[in-house]
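Written out below as structure tokens is the structure these notes cover.
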Amino acid sequence: MTGLRLGFLGTGWIGRHRMAAIVDNGLADVIAISDPSDEMQLEALAIAPAAAVVADLDRMLALDLDGIVIATPSALHAAQTIQALDAGVAVFCQKPLGRSAEEVDAVLAAARRADRLLHVDLSYRHTAAMQAIADRIRSGGLGRPQLVELVFHNAYGPDKAWFYDPALSGGGCVMDLGVHLIDLALWTLGWPAVEEVRAHLFAGGAPLGDRTDVVEDLATASLTLEGGTVVTLACSWRLHAGEEAAIAARFYGTDGGAGMSNVAGSFFDFEGHWHRGTAREVLSVPPDAWGGRAAVAWAERLASDPRYDPAADRYRDTARALDRIYGR
């Protein structure tokens, strides 16, 4: 036994990948798994053969767990996280933590009330590229930040129907992809206040407008931050971009610039660069096994200190920015 007792609620690809990262690092024992798909359960048992298969969260919470990893559809995240926290169990949840800032506020209140650790799988923070870029920016190398350009185009779009139901997903490509990039920008810059937001959302080639029966598949937004920095976002599903994915976060300031971008259309391979004038310094190149680092960081923190981490309060900032993009 490693000490930590964990349950995994939802064992699709992401849930299993996070499970493997934690198990491979010897950080915890997987006590229980739960998924509506027999196939997904069997694949999870290949990683954690000693785990019990349970029907639902209620049965999982009866097993004296230290923490739960939640990788279920978005509509379930807030309620399931609150239920686990109210039972005194720490949570690592897939993004988004909630479909709105109101849901996120309710989750944070539960975490503070329970005094239990809560992390969200905002995994791009943990790429080698963004770690190096953030260190340079926070040490003042950028000078005064002026512009941040965020791009995330996915050539395919989600393959599950609930993503396209606003009541279940909370939104389309902004909620699915943009959440990572808005979080990256605010996290890197030290959480400046968002003073103004302008956005344009489209579905099927037409402005989304007041429609509530579909979600956006293309979005652009401009956020003006405290101090005058402007953040631009462009994200989409099924855009004709000539490659499987186009992902980038670029930062420009009075004294320098930096950028993280994917390599050759990859969803997983990223390069990090630092710029001064026309000169470019390479900060990081693939390979970089970053996908499970957020889960490992949560498990390491849980093993040493299961109490609430006040840094989780910042999940509200990203949620409120997304609400404003959606006009909520």
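The values are calculated or read from the model by the stated rules, or taken from the named source; none is laboratory data. All of these numbers come straight from a predicted model, not from anything done at the bench. We place every Cβ from the backbone using ideal geometry, glycine too, and count neighbours over all the protein chains shown.
Within segment 209-216, is there a residue that is in contact with a Cys (Cβ under 7 Å, 6 or more places away or on another chain), crowded, with 21+ Cβ neighbours inside 10 Å and touching a residue at least 40 places away in the same chain (Cβ under 8 Å)? If you could, list the steps in order and put the result at the bottom.
Initially, segment 209-216 is screened for residues in contact with a Cys (Cβ under 7 Å, 6 or more places away or on another chain), giving 216.
Retained after the next criterion (residues that are crowded, with 21+ Cβ neighbours inside 10 Å): 216.
Adding the requirement that they be touching a residue at least 40 places away in the same chain (Cβ under 8 Å) leaves 216.
Yes, the conditions are met somewhere in segment 209-216.
Conditions tested, residue by residue: (1) out of contact with any helix residue (DSSP H, G or I) (no Cβ under 6 Å at 6 or more places or on another chain); (2) more than 21 Å from Ala129 (Cα to Cα).
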| residue | (1), (2) |
| --- | --- |
| Thr188 | no, no |
| Ala199 | no, yes |
| Leu223 | yes, yes |
| Glu226 | yes, yes |
| Val231 | no, no |
| Ser236 | no, yes |
| Tyr252 | yes, no |
| Phe270 | no, no |
| Asp288 | no, no |
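Just for strands (runs of 3 or more DSSP E) wholly inside segment 229-300: which have at least 1 residues that are assigned by TED's automatic domain parsing to the domain that holds Gly26 and surrounded by 21 or more Cβ atoms within 10 Å (Cβ to Cβ)? Give the steps one after another, and end with the answer.
Working: elements: 230-237, 245-253, 257-262, 270-276, 279-284.
Counting at least 1 such residues, we get no strands (runs of 3 or more DSSP E) at all.
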Checklist entry - Mind checking whether some residue in segment 159-172 is basic (Lys, Arg) and within 19 Å of Gly327 (Cα to Cα)? => result no
Checklist entry - Looking only at residues in segment 1-60 that are assigned to a helix (DSSP H, G or I) and charged (D, E, K, R), which one is surrounded by the most Cβ atoms within 10 Å (Cβ to Cβ)? => result Arg18
Next on the checklist: Cβ-Cβ distance below 8 Å, separation of 6 or more or different chains: which pairs start in segment 292-307 with a residue that is among the charged types (D, E, K, R) and end on one that is modelled with pLDDT under 95 and part of a loop (DSSP other than H, G, I, E, B)?
Outcome noted: Glu300/Leu27
Next on the checklist: Tally up the residues in segment 217-228 that are surrounded by fewer than 18 Cβ atoms within 10 Å (Cβ to Cβ) and outside any strand (DSSP E or B), please.
Outcome noted: 3
Checklist outcome for this item: The strands (runs of 3 or more DSSP E) lying entirely within segment 74-155 that contain at least 2 residues which are over 25 Å from Ser222 (Cα atoms) are 90-93, 118-120
